[in-house]
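The values are calculated or read from the model by the stated rules, or taken from the named source; none is laboratory data. What you are looking at is a predicted structure, and each value in this text was computed from that prediction instead of being measured. Note that we place each Cβ from the backbone using ideal geometry, even for glycine, and neighbour counts take in every protein chain shown. Ligands, DNA and RNA are stripped out before the accessible areas are found, and what is left, the full protein with its side chains, is counted by its heavy atoms. Shrake-Rupley method; radii C 1.70, N 1.55, O 1.52, S 1.80 Å.
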Amino acid sequence: MAKRIDGKAIAAEIREKVALDVQNLAKKGITPGLAVVIVGNDPASRTYVNNKKKACAQAGLLSEEYALPAQTTQQELMELVQKLNKKKEIHGILVQSPLPNGLDEEAVVEAIDPEKDVDAFHPSNVGRIMIGNYHFLPCTPAGVIELLRAENIEISGKNCVVIGRSNIVGKPMAMLLLHNNGTVTICHSKTKDLKEICNKADILVAAVGKAKFVTEDMVKPGAVVIDVGMNRDENGKLCGDVDFDSVEKIASYITPVPGGVGPMTIAMLLKNTVTAAKRQNI
Ligand code: NAP
């Protein structure tokens, strides 16, 4: 039976360290500030934004919400980003995705000052990650690395398989595993022999977005299984990309959903915002 990696507890430890950092910055008159921009009425986005604001408040960070109507134009959104780029009290800017149809998300991300890009989605930060000379890491993949580290799971020399190649999870996840000396294979919807490739993984990361996609027959006994997915099952219950009940029986470690990768994403966002505040006050 696999050990369940308790993302909630590990994230709580990181948040405590962030809170300490915030207290130390306060002595220098600095309060790390995060601007969260939300456009439209997507209920999932609203929940994520509320959670991020709550986490900021708990750790002593300033958070400002900019809620814009779905009819917001590209120009209005770009102007807001420019305003936030210049605002001294704001060290990090996050534009919650997805944006409503008709808005160019890529252009918005590119408009964010890379020093305030706490999601690490700006091409300049993505390039830095590729080179291995970065200030910020994207929150979800960085959270996964922290989970592995907290459990003393060695990455170096391991066969790591990432299912998914999105810009926000799959690709940076693969890059971070590579930086940690893993031997990395990236799979996607056109991958042939997915089952065989997954079966060779010592560390298997699922970022597919399909409920219970990873089944027991895809997992090598003793593998570490990290589930990034956040889906709804047939009963509307939150579940991951991994068929938890069957895979738990053969893996050595597994992350549950909820309570695995999810809490780490927010913890890493707070950490990035503190890093941004420090960098902007050197
Ligand atoms: P995405 O942009 O939809 O990417 C999904 C990836 O899965 C794509 O690369 C796609 O391949 C691949 N894929 C789809 N069907 C496949 C198949 N049959 N076989 C192999 N690969 C397949 O999703 P995402 O943004 O990366 O997110 C992935 C999941 O993580 C979602 O459930 C999302 O909600 C969750 N998520 C969680 C957190 C968190 O904090 N826990 C954060 C972000 C995302 P192609 O590229 O070929 O289409």
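Computed from backbone phi with θ = phi - 60° and the Karplus coefficients 6.51, -1.76 and 1.60, the 3J(HN,Hα) list for region 202-217 is 7, 10, 10, 10, 9, 9, 9, x, 10, 4, 6, 5, 8, 9, 3, 6 Hz; x is used for glycine and proline.
What a 1.4 Å probe finds exposed on the chain is 51% carbon and sulfur by accessible area, rounded to a whole percent. Taking every protein chain into account, the 1.4 Å probe leaves Ile226 with about 0 Å² of accessible area, to the nearest ten. The magnitude of the dipole of region 144-281, with charges of +1 and -1 set on the Cβ of Lys/Arg and Asp/Glu and taken from the Cα centre, is near 640 debye. With protein chains left intact and a 1.4 Å probe, residues in the chain average 48 Å² of accessible area per residue. For the chain, a Gaussian network of Cα nodes joined below 10 Å ranks Ala267, Ala201, Ala107 by mean-square fluctuation, and the top entry is Ala107.
Lysine pair count for region 47-197 (Cα-Cα distance under 26 Å; residues 8 or more apart in sequence or on different chains): 28.
Averaging the Cα positions of each part gives two centres, and for region 174-253 and region 1-58 these lie 26 Å apart.
When the chain is treated as a Gaussian network with alpha carbon springs shorter than 10 Å, the biggest mean-square fluctuation among Lys195, Lys27, Lys220 belongs to Lys27. How much net charge surrounds Asp21 when only the other residues with a Cβ under 9 Å from the Cβ of Asp21 are counted, with Lys and Arg +1 and Asp and Glu -1? Here the count lands on +3. Accessible area of Tyr134 (1.4 Å probe, protein heavy atoms only, ligands and nucleic acids ignored): about 90 Å². Across the options Gln71, Ala107, Val49, the greatest Cα extent toward the positive end of the charge dipole of the chain (unit charges at beta carbon of Lys, Arg, Asp, Glu) belongs to Val49. Charges were assigned to the Cβ only: +1 to each Lys and Arg, -1 to each Asp and Glu. The resulting dipole of the chain about its Cα centre is roughly 600 debye. When nucleic acids and ligands are ignored and a 1.4 Å probe is applied, Arg46 ends up with an accessible area of around 80 Å². Note down the net charge around Asp233, summing +1 for each Lys or Arg and -1 for each Asp or Glu among other residues with Cβ under 15 Å from its Cβ. Local charge sum for Asp233: -1. Remark: region 63-186 carries a charge dipole of roughly 400 debye about the Cα centre, counting +1 on each Lys and Arg Cβ and -1 on each Asp and Glu Cβ.
Helical content of the chain, expressed as a calculated mean residue ellipticity at 222 nm, amounts to -13000 deg cm²/dmol (DSSP H runs of 4 or more residues, -39,500 (n - 2.57) each, divided by residue number, nearest 500). Of the listed residues Asp241, Asp119, Asp6, the order by accessible area with a 1.4 Å probe, largest first, is Asp6, Asp119, Asp241. Identify which of Pro221, Pro123, Pro172 has the largest mean-square fluctuation in a Gaussian network model of the chain, with springs joining Cα atoms closer than 10 Å. In the Gaussian network model the winner is Pro123. Taking the C-alpha atoms only, the angle from helix 139-150 to the longest principal axis of the chain is near 50 degrees. Counting only alpha carbon atoms, the long axis of helix 43-59 and the longest principal axis of the chain meet at about 70°.
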